[in-house]
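Working notes, beginning with the structure itself.
The values are calculated or read from the model by the stated rules, or taken from the named source; none is laboratory data. Only a predicted model underlies this, so the values are computations on that prediction, with no experimental measurement involved. Here Cβ is always computed from backbone atoms with ideal geometry, including for glycine, and neighbour counts include all displayed protein chains.
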Amino acid sequence: MRSSGVARYTFRALTPRDLPMVARWLEEPHLKEWWGDPVEAIEEIEAAIDDISTEPLIVELDGKPIAYLQNYDPHLEDGHPYQDQPTGTLGLDMSIGDPALVGKGHGSAIIRQFAAQLFDEGAPRLIIDPDPANARAIRAYEKAGFRPFDTRTTQYGPALMMALDAPREI
C-alpha cells in the first residue's frame with residue numbers, strides 16, 4: 001500500500017486467457033529456476049483454476065499484469081504436508097513475471113497488501129514456503145513480516161516454512 005492507504009495493486013482471478021502470458025513468465029530464468037519445467041508448471045496452474053482448494057490470481061499494477069499469485073487452503077487438499085497448521089491458515093505462492101520488476105520492492109509490497117486483505121477476510125495465519133536457497137524471495141517475505149518457523153522437505157521440494165499471523169485486536 002502507498003502511504004495514503006490506497007491499494008497499489010489489484011488482484012483478479014486468473015482465467016484461461018492469462019495462461020499464455022503466465023507460460024511466457026515461467027520461461028524466464030528467474031522463475032524457471034524455482035518453478036522447474038515450465039510445461040508442468042503451467043499445467044498445475046491451469047488445474048488450479050477449477051481447484052476448490054486454490055485461488056489463482058493475477059496481480060496488476062496500473063492495469064498491467066505483473067505477477068502470478070495464489071492462495072490455497074492446505075486443509076482442503078488430501079494429504080497436504082501443511083495440514084499441521086491451524087485451521088483457517090492459507091498458504092501463498094507468488095512470482096513476479098517481468099524480470100525488470102524483480103528487486104524493486106514489488107514482491108514484499110504485493111504480499112503485504114494481499115496479506116492485509118486476507119486478514120480482513122478472517123484468515124488467522126498465512127504461510128509461505130520458499131526454497132531455502134531462494135534468498136531474494138526470503139528477503140521479500142521477511143520485509144512483508146513473515147518469519148521462519150521450520151525447514152521441511154516435501155513432495156514440492158525443500159521449503160523454508162515462514163508464517164505471518166493476523167494482527168491481534170486489543
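Does Thr15 satisfy the condition of being under 30 Å from Ala166 (Cβ atoms), over 15 Å from the mean Cα position of the chain (by Cα) and at pLDDT 95 or above? Considered against the rule, which asks whether it is under 30 Å from Ala166 (Cβ atoms), over 15 Å from the mean Cα position of the chain (by Cα) and at pLDDT 95 or above, Thr15 comes out as yes.
Tell me the residue from Leu92, Leu26, Leu76 that is among the hydrophobic types (A, V, I, L, M, F, W, C) and surrounded by fewer than 18 Cβ atoms within 10 Å (Cβ to Cβ), please.
Values: Leu92 fails: surrounded by fewer than 18 Cβ atoms within 10 Å (Cβ to Cβ); Leu26 fails: surrounded by fewer than 18 Cβ atoms within 10 Å (Cβ to Cβ).
Of Leu92, Leu26, Leu76, the one residue that is among the hydrophobic types (A, V, I, L, M, F, W, C) and surrounded by fewer than 18 Cβ atoms within 10 Å (Cβ to Cβ) is Leu76.
The set of residues from region 11-20 being loosely packed, with under 14 Cβ neighbours inside 10 Å and either of a type outside the set (S, T, N, Q) or not in a loop (DSSP other than H, G, I, E, B) (or both) comprises Arg12, Ala13, Pro16, Arg17, Pro20.
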